[in-house]
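Okay, so here's the structure we're looking at.
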Amino acid sequence: MKFKTKILYKILPPLGRAGIGLTLLCFSSCNEILEIDPPTDALIAEDVYGNVTNIKTAYTGLYSYHVHMNATYYQYLEQYFHFMSDELKSDNTASFGIYFENTYTPNTSLYGNIWDQLYASVYKMNDFIEHVEATSLLSEETQKEYIAVAKWFRAYDYFLLSNLYGDVPLVLKSSIAESTKVGRTKISEINEAITNDLLYAEQALANSEETKKNVRTRLSTAAAQALLARHYLYTGQWQNAADVATKLIDGGAYSLEADVNKVFLSSSKEVIFGFDMDGFSGTGTYQGYTRTGWLFIPSSTANATYYLTDELAQAITSDSLDARINWLGYQVISEKKRYYPYKYKNNSNATAANYELQVQFRLAEQYLIRAEARAHLNDIEGALADINAIRSRAKVEPVEATTTAEVLTLVEEERRKELFVEGQAHRWFDLKRTSRADAVYSKLDYKKWESHKILLPIPETQILRNLALTQNPGYDKK
């Protein structure tokens, strides 16, 4: 019997305002599948890309897929990586102990799930890009905009994969037969691919309706710039990071919210890109509230499942005037305050005035990106101005410094207080990229820290499927 690879597309029911999902039925773990007649509720590629209406449905499905169906995007980064760093703990050690103790292994299922979901997205984006590039049914401008959105998601997938796992297979084509034989790609090549995708998105989305109307729940030139600035920072391209962040800070479309309680609202002037979770199914309708709020805000009758470490709580509450204390809730447990994340205030359906977005990128981060980049460029005065812009919004006194090392310490402290427990794993990535993880984690008595754990283990299932893959150092111990 001869086997052939065929990718099928399943049309999913409408998912709220995010639109109709269009999901690949063959993901990263697929090698070959039997060629069979498609089911009555499935479409093959020729049908999907055979007319403008279906192409638009496929395009809209890129959002619903990532916002409502990819748990790495809407949950895993915030639920688990804050444990793995030094931000969250839980009494539920059976479920979360291996993360805040850092005792995970190549067989820890979460990391297999993350790998599978991110590569599923990569394959989906590759396939979409190839088909849209080949069609003659769209105007050139629309064609570029559709491709730009897919390239943004692909860039973010590889941003996460490379920062989590290190050198990973770089796959820019949809051929599953070829890609399942790809071994590790040098990080320099992955970084170049990320940069190229984001530069394309920045340019191609410049005249899109999302950019013109500043739609915060859709990708725009600003969203491309926000991820690009972060990518430049992570790769040590200081001048590029400062220049791109400046575009967003000085562009006039965004500004810091004076009231920290308004930062995560759908009306926030600070949000560059965020997810509208309306239509997410499984644990509610998510009308005006977020997965983060649902996870972190305890009911009135239960103890919080997730609570801040003593170190993080002390950092935020040490100055009683710091407005960011409003981002904490607390319960009294055994006569002691136990703080939990309260950046998002809603954990059930909200009124329109209080709608919240699952924020992915906001302007405050761009100030801190520029501050760090400026410090490396020996612009101490400019770096301090950016740090103090964030501190001013938080109602705390400005800080001073005279050396690059002092400024970098201030940036780390400010990033910790400003970006804590947001769904981008900021703290985990910050300590990794600045080589500070060992110094911080080795001092925490609840962690069983080893240096190699700053990179996640390649899932054992993937190594068994792809003989070209090798395990990250430290995880192959017997």
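Quick look at the values:
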read-out: Where the Cα pairs of segment 414-477 fall when distances are cut into 10 Å bins, in %; value: 18, 38, 30, 12, 1
read-out: LYS181 paired with ALA323, simple spin-label distance in nm, labels 7 Å along Cα-to-beta-carbon; value: 5.9 nm
read-out: Positive-end extreme of charge dipole, the chain - chosen from THR305, SER320, TYR74 (charges on Cβ); value: THR305
read-out: Label zone at GLU450, where the point sits 7 Å out along the Cα-to-Cβ direction: segment 73-96 residues whose backbone N lies under 19 Å; value: 84-85
read-out: Rounded FRET efficiency, nearest 0.05, which uses the C-beta distance separating THR409 from ASP476 and R0 of 45 Å; value: 0.80
read-out: Share of carbon and sulfur in the accessible heavy-atom surface of the chain [1.4 Å probe, %]; value: 49 percent
read-out: Surface accessible to a 1.4 Å probe, per residue, for the residues of segment 230-366, Å²; value: 41 Å²
read-out: Euclidean distance of C-alpha centroids, segment 411-466 and segment 224-251, integer Å; value: 22 Å
read-out: Between 0 and 90°, nearest 10: helix 109-134 axis offset from the chain longest Cα axis; value: 50 degrees
read-out: Pairs beyond 18 Å (Cα-Cα), from LYS89/LYS448; LYS247/LYS269; LYS124/LYS212; LYS89/LYS447; LYS212/LYS269; LYS343/LYS417; value: LYS124/LYS212
read-out: For PHE361, distant residues with modelled amide H under 5 Å away; value: ILE272, PHE273
read-out: Equivalent ellipsoid semi-axes, segment 73-178, via Cα gyration tensor eigenvalues times 5, rooted, Å; value: 35, 15, 10
read-out: Dipole moment magnitude, nearest 20 debye, the chain about Cα centre, only Lys, Arg, Asp, Glu C-beta charged; value: 640 debye
read-out: The chain: relative contact order as a whole-number percent, Cα under 8 Å and 6+ apart; value: 18 percent
read-out: Per residue accessible area of segment 81-153, 1.4 Å probe, in Å²; value: 32 Å²
read-out: Net charge, ALA224 excluded, C-beta distance under 13 Å - Lys, Arg +1, Asp, Glu -1; value: +2
read-out: Rounded accessible area of SER267 (nearest 10 Å², 1.4 Å probe); value: 90 Å²
read-out: Residue (of TYR200, ASN214, GLY252) at the positive-pole extreme of segment 185-263, dipole from beta-carbon charges; value: ASN214
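The values are calculated or read from the model by the stated rules, or taken from the named source; none is laboratory data. Nothing here was measured: the structure is a model prediction, and the numbers come from that model. Cβ sites come from the backbone with ideal geometry, for glycine too, and all protein chains shown count toward neighbours. In case anyone asks, the SASA skips ligands and DNA or RNA and just uses the protein heavy atoms, side chains included. Shrake-Rupley method; radii C 1.70, N 1.55, O 1.52, S 1.80 Å.
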